[in-house]
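Report on the structure given below.
The values are calculated or read from the model by the stated rules, or taken from the named source; none is laboratory data. None of the values given here were measured: they were computed from a predicted structure. Heads up, the Cβs are rebuilt from the backbone with ideal geometry, glycines too, and the neighbour counts pull from every protein chain shown.
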Amino acid sequence: MTAGLASLDDLRRAYRATQTIDLGPEPASTIGSPPRWTPAVGERVLLVCGCGGASGATTIALALATASGRARVVETCGATESGLGYAAAAELGVANRGWLRGSRESVVVERRADSLGAPDRVPSPTDSDVPLTVVDSSWDLGGVLASPGWLGQLAREASPVVLVARATVPGLRRLASAVELVGEPRTIAVTVGPKRWPRPVEQSATPAVRSLREAGRVVTVPELASLALSGLTPDALPQAILRPARTLLNLLEGRLP
């Protein structure tokens, strides 16, 4: 055998040895109690949940914060899934607990710099003096509701919860499942797409979704090709998005704690 080269048996023994190595305690970020959060006195909190990927929840969250005036958006997904990465007009640096902060007019946006593994690992938001915090959650709603962290507590206790879905057959099916999880009394829904649902979409609506619509608790937001192409940028949101956001705020008025 050539000197300096390991035999196949040597490699096998080395591999087996690595399976029994004690790597020591878990990193601090994976141990301990899930983060908790208590909003500031007078700080109202609104939870916006997307029903499936690319539902438009981040756009709706930002539109609500913009329409309300002085507010912030806390985006809870990991960095690789962020919709706010290029939305700030000015970057404000890294705040406590690793949140990246930016601003656009009177709205503060906070997003993560890392990729998170589960809803219960989302760090608690920073302290803030804004009157309204809009929490944007794109995590699976069932997983969020089961989470012991602050985001799970918010999902279980917040009323109302804004559910965002696309105006498609799969989108309305996901919306119906989300309404069942959250409970119809706590739900206000947003559908992204045409105001008049196509017949297949209309027929796919469950009784709970129809009940929300008949009660005026479903707001329609148009899907804009320009926004779909560019994503959220420092540019002002179109009035076609802000108008229904104001309607949504009117529905929420008096419902937020």
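Tabulated values for the structure
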| item | result |
| --- | --- |
| Candidate set: segment 233-257, residues that are charged (D, E, K, R) and without any contact (Cβ under 8 Å) to a residue 40 or more places away in the chain; chosen: the one nearest to residue 43 (Cα to Cα) | 253 |
| Within segment 113-136, considering residues that are among the acidic types (Asp, Glu) and within 17 Å of residue 153 (Cβ to Cβ), the one nearest to the chain's Cα centre (by Cα) | 136 |
| So residue 190, is it among the β-branched types (Val, Ile, Thr) and more than 18 Å from residue 57 (Cβ to Cβ) | no |
| Helices (runs of 4 or more DSSP H) enclosed by segment 148-257 - at least 3 residues per element that are at pLDDT 95 or above | 150-157, 169-182, 199-204, 207-214, 239-252 |
| Positions within segment 103-142 being under 15 Å from residue 38 (Cα atoms) and of a type in the set (Ser, Thr, Tyr), in sequence order | 124, 126, 128, 133 |
| Identity of the residue in segment 140-176, among the hydroxyl-bearing types (Ser, Thr, Tyr) and buried (at least 16 other Cβ atoms within 10 Å of the Cβ), that ends up nearest to residue 82 (Cα to Cα) | 147 |
| Residue among 137, 204 that is buried (at least 16 other Cβ atoms within 10 Å of the Cβ) and under 23 Å from residue 110 (Cβ atoms) | 137 |
| Leading residue by the ranking (nearest to residue 191 (Cα to Cα)) among those in segment 132-179 that are touching a strand residue (DSSP E or B) at 6+ places or on another chain (Cβ under 8 Å) and free of Cβ contacts under 8 Å to residues at least 40 places away in the same chain | 172 |
| Residue in segment 56-75 that is in a loop (DSSP other than H, G, I, E, B), among the hydroxyl-bearing types (Ser, Thr, Tyr) and either over 24 Å from residue 167 (Cα atoms) or in contact (Cβ under 8 Å) with a residue 40 or more places away in the chain (or both) present | no |
| Residues that are modelled with pLDDT of 90 or more, exposed (fewer than 15 other Cβ atoms within 10 Å of the Cβ) and of a type outside the set (A, V, I, L, M, F, W, C), drawn from segment 90-124 | 105, 106 |
| Check on residue 211, polar (S, T, N, Q), crowded, with 18+ Cβ neighbours inside 10 Å and touching a residue at least 12 places away in the same chain (Cβ under 8 Å) | no |
| Qualifying position, being modelled with pLDDT of 95 or more, charged (D, E, K, R) and either in a loop (DSSP other than H, G, I, E, B) or touching a helix residue (DSSP H, G or I) at 6+ places or on another chain (Cβ under 6 Å) (or both), among 127, 136 | 136 |
